[in-house]
Structure formats: C-alpha cells, structure tokens
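Okay, so here's the structure we're looking at.
FYI, it's all coordinate maths here, none of it is from the lab. Bear in mind the structure is a predicted one, so any value in this text is a computation, not a measurement. Quick reminder, even Gly has a Cβ in these numbers, built from the backbone with ideal geometry, and neighbours come from all protein chains shown.
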Amino acid sequence: MGSGRLIGIILLVAGVLLVVGVVAWGLVNMGGESPALEPGGFVLLLILSGVVAVPLIGGGVFMLRQGAKEEVEVEEAAKQRKILDMVVTQGQVSVNDIVIELQSDTETVQNMVRRLVGMGVLSGYVNWEKGVLYSQDAAALRDLKQCKNCGGDIKLTGKGVVSCPWCGTEYFLN
C-alpha cells in the first residue's frame, strides 16, 4: 500500500473517530436529571467538531484518490520497465509475447512502446504487421534510408520516429 493511501486512511479514520467520539460524549452528557450539556451546547459542539472533522475526512478522501493514482503510475512504470528489459536483453521480441507477459492487450502495449520512445529510452524498430519489436542502436538507424523489412523509402513521421509507408515498420531514433 502506498504512503498516500495510508495517510488517507489515517485521516479518514481520525475524522470519523472524532465525530463519533464527540457525538457519544455529547449524548452521555445530555442525559440525566442535571445534564452537564444543554442542547444548544451539543449543537455548538457538533459544529466545532465538524470544523475539525470535515477537513480531516476531505483530506483523507483526497489522499486516497492520490494514492490510487500513484499506484496506477507505479504499475505502468513497472510494465514499461519490463518491456524495455525484454527488448534490450533479447534483441527482438514478439509483441504477442509482451502482451502475454504483461497480461495486457496489443493496443496498450503499442501505446507503452510509443511512450518509451517518447521518453527517449527505447531505440530500435517495430513491424506492427509482423508483431515484432527490435532493439538496435539509434546511431545505426540515423543514416537509414530504406526499410529493413521491405526495402521501401522511409519517412519522418514524428519526433525521433521514421516509418515505412509501405509495410508500416516504425524506426525509433532515440
């Protein structure tokens, strides 16, 4: 469990315990023949405890949500690291193997590969039709004029990305 979620839970519990404790104390002290707390005092006590409890509960909800976002980002980074490790260590890897390894789908894997390219940490090329991702030194790809897959002319299609309009192979020049 992330620190954001833990702090969120602590704040929520503190806020709820404060309200429950104040209500219980107020109800106990309003009873009896000579009550220590009048109804007006009880209302004031509830309002004052609310002033403290609402920010605690609100902060707890906020931190829970932030913690959930944090966990998603950490999980995504771990998957991207796994893709990068697979490609770099094996030299070439099937997109289907990545999909299976990550228990994901092809579109998600494609998006993660493109994010890795955008971050500048992955160089190589991919043939989406064949479903194979290749790791290669970016320097070797910079002077590339023709597609390694079909021999067609390649064109710049994005920052650090050239592709073959004939077969769809994309080259990452990071």
Among E33, E73, E129, which one moves the most in a GNM of the chain with springs linking Cα atoms closer than 10 Å?
E33
Compute the distance from the alpha-carbon center of the range 68-85 to that of the range 1-66, in whole Å.
37
If a paramagnetic tag sat 7 Å from the Cα of Q66 along the Cα-Cβ line, which residues of the range 1-45 would have the backbone N under 14 Å from that point?
2-12
Quick calc of log₁₀ I(q)/I(0), the range 13-97, Debye, one scatterer on every Cα, no solvent, q values 0.11 1/Å, result -0.54
222 nm [θ] for the chain, helices only, -39500 (n - 2.57) per DSSP H run of 4+, per residue, to 500?
-21500 deg cm²/dmol
Give me the Å³ per residue figure for the convex hull around the C-alpha atoms of the chain.
143
Starting from 0.36 nm per residue, how many nanometres of slack lie between E76 and V28 once their C-alpha separation is accounted for?
12.1 nm
Under unit Cβ charges (Lys, Arg +1; Asp, Glu -1), what dipole magnitude, rounded to 20 debye, does the chain have relative to its Cα centre?
580
Determine which aspartates and glutamates satisfy two conditions relative to K159: a Cα distance under 13 Å, and not lying fewer than 8 residues away in the same chain.
E170
State the cysteines of the chain left without a partner when partners are defined as other cysteines whose beta carbon lies under 4.7 Å away.
none
Normalised by the number of residues in the chain, what is the relative contact order in percent for Cα pairs under 8 Å and 6+ residues apart?
18
Neighbour-limited loop hits for trypsin sites (Lys or Arg not before Pro), the range 49-131 (at most 13 other Cβ within 10 Å; DSSP other than H, G, I, E, B)
K130
